[in-house]
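K.L.:
What follows is a structure written as structure tokens; I'll ask about it next.
The values are calculated or read from the model by the stated rules, or taken from the named source; none is laboratory data. In this text, all values refer to a predicted model and were calculated from it rather than measured experimentally. Neighbour counts run over all protein chains shown; Cβ positions are idealised from the backbone, glycine included.
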Amino acid sequence: MQRTRVVNEIVAKLAGKPIAEAFAKVLDPGADEIERHRTIYDALTGESLTGHPIHPALVHFPIGLTVAAAVLEVLGRQRHRPAITLLSGIAVSVAIPTAVTGLAEWARGRQDKRQRRVGALHAVAAEAGTTLASMSLVFRLRHAHTAARWMLFAATAAYTTAGFLGGDLVYGRDLAPQGTDPDDGMD
């Protein structure tokens, strides 16, 4: 897959910032703990369950549910509020196992300096998305709908950033499984 120079430069600049390594150091103890328990590590990375990573399959849920809730917010009808609340609650709930599987997956590749740093930035963006989505849900449950709406939009932006960085981890470093290249001629 052909990547633009602009995308490569943006990710390289982000990964080159000292804060990226600082974030990675915060993640190290959790990753070390997961790696110490081989059975748990194998389950979280998908090795013992599916034979391939679980995290990439799970990320679609918090991102997709949050985007769906944001779309309903844009439609702006009060009748959508119960659906938005439900979507937000499920998104926040599924974000937890998604984060844990992501940490296990990050542990696997953290020896590579670039992957370590981009992965840490990905984790920070995803956690920001989860925190903002959680705040949105709390505001929504307290009937503070304007604040809930803006927190939801911010969560969507954070999750989009996390998805961009996660995509770079897979496709920018040629870590995608064989047959996943969109230019491979398969329809």
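K.L.:
If a residue must be small (Gly, Ala, Ser) and at pLDDT below 90, how many such residues does the stretch 1-42 contain?
P.N.:
3
K.L.:
Need pairs with beta-carbon distance below 8 Å; first residue closer than 13 Å to Gly119 by Cα and within the stretch 91-102, second of a type in the set (Ser, Thr, Tyr) and modelled with pLDDT of 95 or more; sequence gap 6+ or separate chains.
P.N.:
Final answer for the pair search is Ala99/Thr130.
K.L.:
Condition first: at pLDDT 95 or above, in a helix (DSSP H, G or I), under 30 Å from Ile10 (Cβ atoms) and not aromatic (Phe, Trp, Tyr). Can you find one or more residues in the stretch 135-142 that meet it?
P.N.:
yes
K.L.:
List pairs: first residue in the stretch 16-45 and over 15 Å from His122 (Cβ atoms), second residue among the acidic types (Asp, Glu) and surrounded by 12 or more Cβ atoms within 10 Å (Cβ to Cβ) anywhere in the structure, Cβ distance under 7 angstrom, at least six positions apart or on different chains.
P.N.:
Partner pairs satisfying both residue conditions: Tyr41/Glu35; Thr45/Glu105.
K.L.:
Identify all residues within the stretch 127-147 that are touching a residue at least 60 places away in the same chain (Cβ under 8 Å) and among the aliphatic types (A, V, I, L, M); write none if there are none.
P.N.:
Correct list: Ala133 only.
K.L.:
Okay, moving on. Looking at the structure I just gave you, is Gly119 of a type outside the set (Asp, Glu), under 13 Å from the mean Cα position of the chain (by Cα), crowded, with 21+ Cβ neighbours inside 10 Å and modelled with pLDDT of 95 or more?
P.N.:
Taking the combined requirement at face value, the residue does not satisfy it.
K.L.:
Taking the condition of being out of contact with any helix residue (DSSP H, G or I) (no Cβ under 6 Å at 6 or more places or on another chain) and either β-branched (Val, Ile, Thr) or in a helix (DSSP H, G or I) (or both), how many residues in the stretch 109-122 meet it?
P.N.:
1
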